[in-house]
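*Asks:* After the structure tokens below, expect a handful of questions from me.
The values are calculated or read from the model by the stated rules, or taken from the named source; none is laboratory data. For clarity, every value in this text was computed on a predicted model and none was experimentally measured. Every residue, glycine as well, gets a Cβ built from its backbone with ideal geometry; the counts of neighbours run over all protein chains shown.
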């Protein structure tokens, strides 16, 4: 059994800690019984995403990025039995919209909030892009991660209504006439990433965090 699978029991055991009693009173005795045969909640995975630092950290010197990958994905035990990492079981990959290629013209001041896109302005694809993020995909797989998800913070800028990776009006930034083109883009990216890395996305989230109106504006 991996360390990741032992976390829930450890957390439940922490419930044995009781608050300080009132002055002059004896502490209350609390008994907690764990019935593993009656689960109350099932968690499908323990996940995080590469947005936004992965695009840069994945290009750092090998020793540094390998150490960070261990902290994120490793389920192995280190010295003294302490876990080497947090043992993520899913990794989420940001399918960038192309704001990084726009640079300052993207309207996004912080370059760490911009992202490359596999889709080029001429309609062709370049799967050498998002190299840092692709490195983390492989690093996750090598450390035992088995589930992968691709998500969009914005459609590619060539498909958006305003040519930006964020909305400027109180409506979707993707014209209805381009819905099919976005579907074709997503399919092409899933195929291209698999060909380059050998990894197939188990899930695709085309509208990430729609409650934040700055991207899709639904």
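*Asks:* Out of the residues in segment 140-155 that are surrounded by 17 or more Cβ atoms within 10 Å (Cβ to Cβ) and out of contact with any strand residue (DSSP E or B) (no Cβ under 9 Å at 6 or more places or on another chain), state the one that is farthest from residue 110 (Cα to Cα).
*Replies:* Restricting to residues being surrounded by 17 or more Cβ atoms within 10 Å (Cβ to Cβ) and out of contact with any strand residue (DSSP E or B) (no Cβ under 9 Å at 6 or more places or on another chain), the top hit is 143.
*Asks:* In segment 187-202, how many residues are part of a helix (DSSP H, G or I), surrounded by fewer than 17 Cβ atoms within 10 Å (Cβ to Cβ) and out of contact with any helix residue (DSSP H, G or I) (no Cβ under 7 Å at 6 or more places or on another chain)? Even if it seems obvious, please write down each step before you answer.
*Replies:* So the first thing to find is which residues in segment 187-202 are part of a helix (DSSP H, G or I), and the list is 187-197.
Filter once more, so that each one left must be surrounded by fewer than 17 Cβ atoms within 10 Å (Cβ to Cβ): 187-188, 190-192, 194-197.
The next check asks that each one be out of contact with any helix residue (DSSP H, G or I) (no Cβ under 7 Å at 6 or more places or on another chain); those that pass are 187-188, 190-192, 194-195.
Summing the residues that are part of a helix (DSSP H, G or I), surrounded by fewer than 17 Cβ atoms within 10 Å (Cβ to Cβ) and out of contact with any helix residue (DSSP H, G or I) (no Cβ under 7 Å at 6 or more places or on another chain) in segment 187-202 gives 7.
*Asks:* Report, by residue number, each residue of segment 77-103 that is over 20 Å from residue 128 (Cα atoms) and surrounded by 14 or more Cβ atoms within 10 Å (Cβ to Cβ).
*Replies:* Taking segment 77-103 as the starting set, the residues that turn out to be over 20 Å from residue 128 (Cα atoms) are 77-90.
Result: 83, 84, 85, 86, 87, 88, 89, 90.
*Asks:* Next question. Give the residues of segment 77-115 that are part of a loop (DSSP other than H, G, I, E, B), in contact (Cβ under 8 Å) with a residue 24 or more places away in the chain and more than 16 Å from the chain's Cα centre (by Cα), sorted by residue number. Outline the logic, then answer.
*Replies:* Filtering segment 77-115 for residues part of a loop (DSSP other than H, G, I, E, B) gives 78, 82, 84-89, 95-98, 107-110, 114-115.
Next, only the ones that are in contact (Cβ under 8 Å) with a residue 24 or more places away in the chain stay: 85-89, 95-98, 107-108, 114-115.
Hits for segment 77-115 are 85, 98, 107, 108.
*Asks:* Collect the residues in segment 47-72 that are without any contact (Cβ under 8 Å) to a residue 40 or more places away in the chain and in a helix (DSSP H, G or I), keeping them in residue-number order.
*Replies:* 62, 63, 64, 67, 68, 71
*Asks:* If you go through segment 156-177 one residue at a time, how many are free of Cβ contacts under 8 Å to residues at least 60 places away in the same chain and either surrounded by 17 or more Cβ atoms within 10 Å (Cβ to Cβ) or not in a helix (DSSP H, G or I) (or both)? Walk me through it before giving the result.
*Replies:* Residues of segment 156-177 that are free of Cβ contacts under 8 Å to residues at least 60 places away in the same chain, as a first pass: 156, 159, 161-163, 166-177.
Subsequent filtering for residues that are either surrounded by 17 or more Cβ atoms within 10 Å (Cβ to Cβ) or not in a helix (DSSP H, G or I) (or both) retains 156, 159, 161-163, 166-175.
Qualifying residue count for the region: 15.
*Asks:* Further question: For residues in segment 5-46 being part of a loop (DSSP other than H, G, I, E, B) and modelled with pLDDT under 50, which is farthest from residue 83 (Cα to Cα)? Break it down into steps so the answer makes sense when it comes.
*Replies:* We begin by selecting, within segment 5-46, every residue part of a loop (DSSP other than H, G, I, E, B); these are 17-46.
Applying the additional criterion that residues be modelled with pLDDT under 50 yields 17-19.
Values: 17: 23, 18: 27, 19: 29 Å.
Among those that are part of a loop (DSSP other than H, G, I, E, B) and modelled with pLDDT under 50, it is 19.
*Asks:* Go through the residues of segment 129-149 one by one and say whether even a single one is farther than 25 Å from residue 66 by Cβ and either modelled with pLDDT of 95 or more or under 16 Å from the mean Cα position of the chain (by Cα) (or both). Spell out how you get there, then give the answer.
*Replies:* Applying the first criterion (farther than 25 Å from residue 66 by Cβ) to segment 129-149 yields none.
Scanning segment 129-149, I find no residue that is farther than 25 Å from residue 66 by Cβ and either modelled with pLDDT of 95 or more or under 16 Å from the mean Cα position of the chain (by Cα) (or both), so the answer is no.
*Asks:* Can we say residue 136 is in contact (Cβ under 8 Å) with a residue 24 or more places away in the chain, part of a helix (DSSP H, G or I) and either surrounded by fewer than 22 Cβ atoms within 10 Å (Cβ to Cβ) or in contact with a helix residue (DSSP H, G or I) (Cβ under 6 Å, 6 or more places away or on another chain) (or both)?
*Replies:* On the way: in contact (Cβ under 8 Å) with a residue 24 or more places away in the chain: yes; part of a helix (DSSP H, G or I): yes; either surrounded by fewer than 22 Cβ atoms within 10 Å (Cβ to Cβ) or in contact with a helix residue (DSSP H, G or I) (Cβ under 6 Å, 6 or more places away or on another chain) (or both): yes.
Against the criterion (in contact (Cβ under 8 Å) with a residue 24 or more places away in the chain, part of a helix (DSSP H, G or I) and either surrounded by fewer than 22 Cβ atoms within 10 Å (Cβ to Cβ) or in contact with a helix residue (DSSP H, G or I) (Cβ under 6 Å, 6 or more places away or on another chain) (or both)), residue 136 qualifies.
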